[in-house]
Every structure is written in structure tokens, then in C-alpha cells.
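Here's the structure we're looking at; comments come further down.
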Amino acid sequence: MIRKFLLLLQTGLVLAGLLLGVSAWKIHSALEQTLDVTQEQLLDVPAGATPTGTFNRMEAEGTLHDAFWLRLYWRFNLSGVQLHSGEYRLTPGMTVRTLFGLWQRGEVVQYSLTLVEGWNFHQVRNALAKQEKLQQTLAGLSDSEVMTRLGHKDVFPEGRFFPDTYRFVRGMTDAELLEKAYDRLQNVLAQEWEKRSADAPYTEPYQALIMASLVEKETGVPQERGQIAGVFVRRMQLGMLLQTDPTVIYGLGERYTGKLTRAHLREANPYNTYLNVGLPPTPIAMVGREAIHAALNPVEGKSLYFVARGDGSHVFSDDLDSHNNAVREFQLKRRADYRSSPAPAQAPGGAASPAPGAEAKPVVPAQEPGEPAQVPPVSEPETKDAQ
């Protein structure tokens, strides 16, 4: 009886050993199999997907076989590994073991979206809407509804997002990307606020953000940003109007078609700095760190005016006579290749992106300090038509 029991036990152990050996061989073969991929392709792993479901789907699609053994291996060896959602790049010759390595490291395919300095919120939303890999959740919402969705109810969106290149994976939402850009702006603004000049004329960071947007739209030349901010700050301190065209253009909204007229300069709206003293009520564009730094650290000096040379840079003047001479030299006798800002940079995909300050015009004085406001003389005849 004992001998029979021992024989059965021995037989069972042999069979178990054989079964384990066969299982180990099958699992090894399943792991080392080459995926049936003839050219590079993407494997989409949606949010909530499980390894079991993904194995079954890949087997049904003919990309791999022996899904049962792969499920068994994952259950006993990688059960604690999180399967990150997104897209994984499959290439010819790739083995299942290599794919497992990608899953373990979470090496999903990343895409990028660049938000450009000087863009307004309408341009930001258009750029987001064109990203097919982003999950679109904000379509059809008003700007205020978007901000509510982001958790910032009653916050005006203009200028609240930081221009940068943001990476995302398939399945990420447009709202999540905007949240990143919003938080980034808050962090940068707070950092620069701590490093502000002692005589910076702002009572809160938001005022500096508004000024930074004017600087951003007026020049794309880095070394001039502090000088531009200095001109604006001095004009404010002397009670002069800022008289910067980008604010008027922003106030016109979709009615602006590329031509600024005398009638536009006379039109009353909160953003017309030819009529309203001080800063506009909100930023008019997204701003980079350099513009924020310039707004908080304006360059000291006496200049109150500036005019575009035509190569992207500006001539700064301390008095009205000098400024008018510069206007005659650089505005009334323009070259054929005249530009008030640097040439647009090439955006990803080959399309020219708007250069910071591309819509900006030089400040044209309406009056000397202390004089009543009036419509300024036209310094750019082909741009500002008499109406």
C-alpha cells in the first residue's frame, strides 16, 4: 500500500515537473515571439484597459498568439505593474518581451503642442481644437464656461496661460493641457514677482501681467523689452496715455481686419489706450517669462516715445521733437521690406506663426504730459486711413 502511494506520488511529481517545464517553455516562447508587424504602427491602450483585454485584442487582430500564456505570466510576475494608457510604438522585429518593457516603463508615444507668445485665447483654443490626439472636451463652451470647467470661475482667460511647448499623450484632454499652461503661468508670475524691482509701480501681480502683455505685443526683440516697459511706466507716472495700438486692436476683436483707422482710435472701449488713462482692464495676449521680467523690472531712462525702425527694432526718444524726427525718418519713408517686428518664426508643420508683437505699432504721442487727450496724428499713412 505504501509502495503504491509512493509510486503515485512519484508519478505525480514527475507529471507536475513536466507540466511546469512545458508551461515554462510555453511562456518563454510566448514572450520571445516576434510581433506580427510589417511596418511601424501604434498600439492604442485606452484609459481603463487591462493587460488581459489588450492581449486578447492583439491576438484577435493577429498581432501575437498564445495570449493565454502571456496572461498567466503577467498575473504571476507583473500583477503590480500599472498599464499606462496611451499609444505604444510597435516596430518590425519587436518581441512581446520588448513590448512588456515599454509597458513597465510607461514609454507611451508623446505629442507636443506649442503655445506661442503673443497669442490670444482665441488662437489658443483653435490650436487645441486641431490636435486630433487630444480628447476634445471644451468644444462648444464659451470662454467663461471653459474657465469654470478648469476650476477658475469668473477668471478672465486672456493672458492666463503660459506660452511653451507642452507634451501630451493620446487620450489626454484639452482641459488637462490648459490646466498645465495655467499653473505654469501662475508659477512663473509668482517667481518673477518675488524678483521685481523696488520701484515697480504695481500693487498686485495681475497688473504686471497686463503690462507684460503690452510689452509682448510691442516688440519681439528681447533686449528691448525692458526699454519698452520703461517707456510705458514713465508715461503712466506722468499721466500720459499709453497709446499703444495692440490694445486698440484687441478691443476691436474680430472687427479688426489688418487696418487701423482714425475712427478706430476715436472709438470708446475699455481697451482703447488712446482714450483711457492707464493700463487696459486685462492682458491682451499670452506672455513669456522675459516679458513678465521686463514689466517688473523696467529699464530706467528718460525716453517717452518709440518708433519702429523697420527691422524689428525701435528708436527711443526722450522728447516729442526727437520722436517726430524719427517718425519722419522711419515711418513716412518706409522701405519695401519694412517690418515693425521681426519676421515670423517658422511654426511646427511649416506654417509661419505670428511673431510676438506682429500686430504692434509704435507709440504715437497724442499730447504732451498735462495736455487734454486728443486723437493723435497719423504716423503710418498706409495703415491708419483718415475716416
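Values quoted throughout were computed directly from the atomic coordinates according to the rules given, and no laboratory measurement underlies them. Just so we're clear, the structure is a prediction, and the values are computed from it rather than from any experiment. Positions of Cβ are backbone-derived with ideal geometry, glycine not excepted, and every protein chain shown enters the neighbour counts.
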Residue by residue through region 164-169, what is 3J(HN,Hα) from phi via Karplus (6.51 cos²θ - 1.76 cosθ + 1.60, θ = phi - 60°)? Round to whole Hz and write x for glycine and proline.
6, 9, 10, 9, 8, 10
For region 32-108, build the convex hull from the C-alpha positions and give me its volume per residue in Å³.
79 Å³
Excluding K180 itself, calculate the net charge of residues whose Cβ lies under 12 Å from the Cβ of K180, where each Lys or Arg counts +1 and each Asp or Glu counts -1.
-3
Which order do the peptides 68-80, 84-96, 113-125 take when ranked by the mean count of other beta-carbon atoms within 10 Å per residue, highest first?
113-125, 84-96, 68-80
Pairs beyond 30 Å (Cα-Cα), from K180/K217; K195/K259; K217/K302
K195/K259
Given 0.36 nm per residue, what is the gain on full extension from T173 to N325 after removing their alpha carbon distance, in nm?
49.4 nm
List the residues, sorted by chain then number, that are 5 or more residues from E87 or on another chain and whose placed amide H is less than 5 Å from its amide H.
V45, V109, R170
Once R0 is set to 45 Å, what does the formula 1/(1 + (r/R0)^6) return for the Cβ-Cβ distance between N269 and V109, expressed as a FRET efficiency to the nearest 0.05?
0.50
Extreme residue, positive dipole direction of region 218-329, given options L242, N269, G310 (C-beta unit charges)
N269
Under 5 Å, built H, 5+ apart or other chain: amide partners of T95
L35
Label-to-label distance, nm, for residues given as H65 and R97 (7 Å Cα→Cβ offset):
2.0 nm
Sorted by chain and number, the residues with a modelled amide H under 5 Å from that of T173, at a separation of 5 or more or across chains, are Q135
With x for Gly and Pro, the residue-by-residue ³J(HN,Hα) of region 142-156, computed from phi through the Karplus equation 6.51 cos²θ - 1.76 cosθ + 1.60 at θ = phi - 60° and given in whole Hz, is 6, 4, 5, 5, 4, 5, 5, 4, 7, x, 10, 4, 6, 8, 6
Applied in sequence order to region 269-286, the curve 6.51 cos²θ - 1.76 cosθ + 1.60 (Karplus, θ = phi - 60°) yields integer Hz couplings, x standing for Gly and Pro, of 7, x, 9, 7, 7, 7, 10, 9, 6, x, 6, x, x, 9, x, 10, 6, 6
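Take each of the peptides 321-331, 25-35, average the number of other beta-carbon atoms within 10 Å over its residues, and list them starting from the highest.
321-331, 25-35
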